1. With the structure loaded, tell me whether A:R33 is of a type in the set (K, R) and facing another protein chain (nearest Cβ under 8 Å) or whether it fails that test.
2. So, in region B:31-56, how many residues would count as being part of a helix (DSSP H, G or I) and over 35 Å from the mean Cα position of the chain (by Cα)?
3. Among the residues of region A:19-29, are any under 17 Å from the mean Cα position of the chain (by Cα), surrounded by fewer than 19 Cβ atoms within 10 Å (Cβ to Cβ), at negative phi and at the interface with another protein chain (Cβ under 9 Å from one of its Cβ atoms)?
4. Since A:N146 meets every condition but one in (1) at the interface with chain B (Cβ under 10 Å from one of its Cβ atoms); (2) within 23 Å of A:V19 (Cα to Cα), which condition does it not meet?
5. I'd like to verify a number: residues in region A:8-54 that are polar (S, T, N, Q) and within 21 Å of A:C93 (Cβ to Cβ), how many?
6. For B:R20, state whether it is more than 7 Å from chain A (Cβ to nearest Cβ) and basic (K, R).
Amino acid sequence: MDASTRHAMAQWTLALPAVSAYVHALVGNAADRDDVLQDTALAVMESYARFDPTRPFLPWTLAIARARAADHVRRRRRSPMALSPAAAEALACAFEQVADQDRAALQHLRECLDRLDARSRQACELRYRAGLAPPQIAQQLGLQPNTVSKVLQRAREQLRTCIEQHAAREAHA
Amino acid sequence: MSEPTSRNHDHGRIEEAMHRVLDGDATLEEQQRVSAHIAADPDAARDFARMAMLHDALGHELGAAAAHAAAPMEGTARPAAPRLRVAVARWATAAVLGLSLLIAGLVLTHGPDSYALDEVARVVAAERAARGASYRIEARGEAPRTDRAKPSLDGATLHVGEAGRFVLERTDDRGAAVLSGSDGTLSWSIHGRGPVRISHDPQRFRGALPGQQHDLPFVDPLEGFSQLAAVYDLHVIEPPAEPTGSNWVGRTLVGTRKATVGRGPKRISIEYDPASASIVRMHFSQLPQQGGGPESVTLTRLPDGPRPAEYFLHQSHHEPGRRVVSEDKVPQP
């Protein structure tokens, strides 16, 4: 494997958490996310020779991902993306600013998941492991859909606080 | 409501809407509000980006844990092997799919990959030793079905055994079980409480199997993995040689269909345990969609061990005395 290929792999691997999250936010589900990531990876590969290494890799990759996500939605004749083009562009800028710090903080996700209360953990398991949408979770748990939305929101807020506390402790250690 | 309280209230509602956008549960009005807010306010955009990273990471963390729990268990008839490390496999799926295509594309110009062929042989040997497997099927991009009785492949379960044995379990829109299978000699199909249809034609009821209509060289690796090299340009993806912060430890065979081959998925990836070579997941994408078939299909191995031979008999799936109808054109002895 030549040095250029190794470099491309390393850059892609570092960028992947942000690219995956960005695509997921644009297309709205994990299955479409995976398909778009495949297309994005191929497009990045095909264009890599033209990439200017003095420029940052992530913004370039996110622009490709945005175009691939739009193509995917158009090809599937699905509902338009949940975010407007202006919002998608602003979000890409935001990812450039938060990706590195967040990638490090998310290393603590597993231990923070273990500290969630039972109800929050159950909601996360149903949402992310079983892949159920909030209305389906509501049906399973005998709750109102709005309640499930709030439980998920609270769980994610607790997780965010926990991982940031861990990250801050690590930074000061 | 005073102004600061009003601002807090609005902020709270926007945050709720952002979470609902991520969950795919937002109204059109909420989507538009979130979009406008993100586009106008860099702080809001950063907040949403952080939410999205956590949301996606949760999917990888819990989804990866589920997928790798389906990898072969120690103590079964399969060759003993260390489990893939669940705790470090969060990005396995996305990293594998992403890296695999990146590297497959970069090395395609360098000709056939003998290492990939060796790995195919290892996978075939491992699957042969396993003598069967069960998979959960996810199918995406199926056209809306006009025939409610014809079930989707999404959510189906496929059990495969030796010598062409299989059972495909689906559910139609009315909740009735739709089963099709073969015991290696007799093919059969059962829809709900209807009669059992049987045939000595081994292809008779295989039409619903993922890839059967698309010249996929395999549904069961034992059947067709040896054909892989003829149909696909194959390469193996390893974890990066240098530390990059990724915890991905899996290995994947990736293939791009050769230009001279007619139908079939344009891309395939087979994720497997590098030590035991047992398949964890197979993904086929850019399938031709004549007849409204799916655009992509993923088969994730389930932790069930190989089913016994009796499981593949139609008699194991209905009560005694169910009417049996032969669809053989020529009476069989």
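1. Working: of a type in the set (K, R): yes; facing another protein chain (nearest Cβ under 8 Å): yes.
The answer is yes for A:R33.
2. Applying the first criterion (part of a helix (DSSP H, G or I)) to region B:31-56 yields B:31-40, B:42-56.
Among the residues that remain, those that are also over 35 Å from the mean Cα position of the chain (by Cα) are: B:33, B:36-37, B:39-40, B:42-44.
Of the residues in that region, 8 qualify.
3. Kept after step one, since they are under 17 Å from the mean Cα position of the chain (by Cα), are these residues of region A:19-29: A:19-29.
Going one step further and asking which of them are surrounded by fewer than 19 Cβ atoms within 10 Å (Cβ to Cβ), we end up with A:29.
Now drop any that are not at negative phi, which leaves A:29.
Next cut, at the interface with another protein chain (Cβ under 9 Å from one of its Cβ atoms) only: A:29.
There is at least one residue in region A:19-29 that is under 17 Å from the mean Cα position of the chain (by Cα), surrounded by fewer than 19 Cβ atoms within 10 Å (Cβ to Cβ), at negative phi and at the interface with another protein chain (Cβ under 9 Å from one of its Cβ atoms).
4. (2)
5. The first filter runs over region A:8-54 and keeps only residues polar (S, T, N, Q), leaving A:11, A:13, A:20, A:29, A:38, A:40, A:47, A:54.
Imposing the further condition that a residue be within 21 Å of A:C93 (Cβ to Cβ) reduces the set to A:11, A:20, A:40, A:47, A:54.
Counting residues in region A:8-54 that are polar (S, T, N, Q) and within 21 Å of A:C93 (Cβ to Cβ) gives 5.
6. Working: more than 7 Å from chain A (Cβ to nearest Cβ): no; basic (K, R): yes.
Taking the combined requirement at face value, the residue does not satisfy it.
Yes/no per residue for (1) part of a helix (DSSP H, G or I); (2) open to solvent by 20 Å² or more (accessible area, probe 1.4 Å); (3) of a type in the set (G, A, S); (4) modelled with pLDDT of 85 or more:
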site	(1), (2), (3), (4)
A:A8	yes, no, yes, no
A:D32	yes, no, no, no
A:L37	yes, no, no, yes
A:L62	yes, no, no, yes
A:A65	yes, no, yes, yes
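For (1) touching a Lys or Arg at 6+ places or on another chain (Cβ under 8 Å); (2) in a helix (DSSP H, G or I); (3) hydrophobic (A, V, I, L, M, F, W, C), each residue gets a yes or a no:
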{"residue": "A:R74", "(1), (2), (3)": "no, yes, no"}
{"residue": "A:P80", "(1), (2), (3)": "no, no, no"}
{"residue": "A:L83", "(1), (2), (3)": "no, no, yes"}
{"residue": "A:A90", "(1), (2), (3)": "no, yes, yes"}
{"residue": "A:E96", "(1), (2), (3)": "no, yes, no"}
{"residue": "A:D100", "(1), (2), (3)": "no, yes, no"}
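The values are calculated or read from the model by the stated rules, or taken from the named source; none is laboratory data. As the structure is a computational prediction, the values presented were derived from the model and not from experiment. All Cβ positions, glycine included, derive from the backbone under ideal geometry; neighbour counts span all protein chains shown. Please note that ligands, DNA and RNA were not included when accessible areas were found on the heavy atoms of the full protein model with its side chains. Shrake-Rupley method; radii C 1.70, N 1.55, O 1.52, S 1.80 Å.
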